[in-house]
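To start, the structure itself, in structure tokens.
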Amino acid sequence: MASMPSHGRADEKDESLESSKKFQKTEKEDYGYYFYPERSDYKEVQSFWASIWGRPGAQTFNCEANVTWCIKNHPMVKLLVRALKSHGCEVNLRRHISCESCLEKVNGGFDPSTNQVVVCQNNVTRRSVCCNVLAHEFVHAFDSCRAKVDFKDLRHLACTEIRAANLMHCSFLAAVASGDASPINIKQRHANCVKSKAIQSVLMVRNVPVQEAKEIVDSVFDKCYNDLEPVGRQCRKNSRDADRALIEGQFYGYS
């Protein structure tokens, strides 16, 4: 099966590389489906709104309400949805987003086998976190659409994780808050934050040694770190950068 590359609690400090390893299966590569019980047997998954009838409950309704709000209002989510459409991969809320219950330490994922973004309704309760999860996973969806990423290929997986961390996770202030950056040598430390996050992501869904994950990320880092499409910039936290990127997107066909 293909990979579900994205993971982690967006509202908590990242686990160490070694501790991240313990959450994956050790017998064989499971491509991340271990964290998503409803997909672990590779059964057909429910659509976004179909879950209302099959699994009513506060978590589901809250998740779907947050998803709807983010799609309509969050500038980064809106930009990525428009970019996907411009590349022939229009997002259908009923088809391409699914609120599901997941294991601990996981907030969401992108399932290329079904072309769906998963939001972990039991772990993601705040609207702000939901929007960040959607934007992060839409980066993977965009890479799948634009670059035909093969998520079974570790180099491809590492590249899309680098891009998602760079565009959505490691804002300069977020990197400072997590201890990965400081006012001194900001550029290098920001890159280190992105690299660390990407390595952790690979380790979460692939049964590979830490050193191998580091080498794979290093081998594609420069190229993928400098690829800022479709955002065009590294957005600073609590700034208007995302709004500016959304406005500028119309000049590149993202409208």
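The values are calculated or read from the model by the stated rules, or taken from the named source; none is laboratory data. Since the structure is predicted, the reported quantities are computational estimates derived from the model, not experimental observations. Methodologically, a virtual Cβ is constructed for each residue, glycine included, from the backbone with ideal geometry; neighbour enumeration extends over all protein chains shown. For the accessible areas, the whole protein counts, side chains as well, though only heavy atoms, and no ligand, DNA or RNA atoms are used. Shrake-Rupley method; radii C 1.70, N 1.55, O 1.52, S 1.80 Å.
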Surface share of carbon and sulfur [accessible, 1.4 angstrom probe, percent] for segment 182-255 = 48
Set 72/187; 72/214; 105/223, cut-off 31 Å on Cα-Cα distance; pairs above it are 72/187; 72/214
Probe 1.4 Å, all chains present, heavy atoms only: residue 144 accessible area in Å², nearest 10, is 30
Listed by chain and number, the residues whose amide H is under 5 Å from that of residue 108, excluding neighbours fewer than 5 places away on the same chain and using placed H, are 8, 120
How much net charge surrounds residue 80 when only other residues with a Cβ under 13 Å from its Cβ are counted (Lys, Arg +1; Asp, Glu -1)?
-> +1
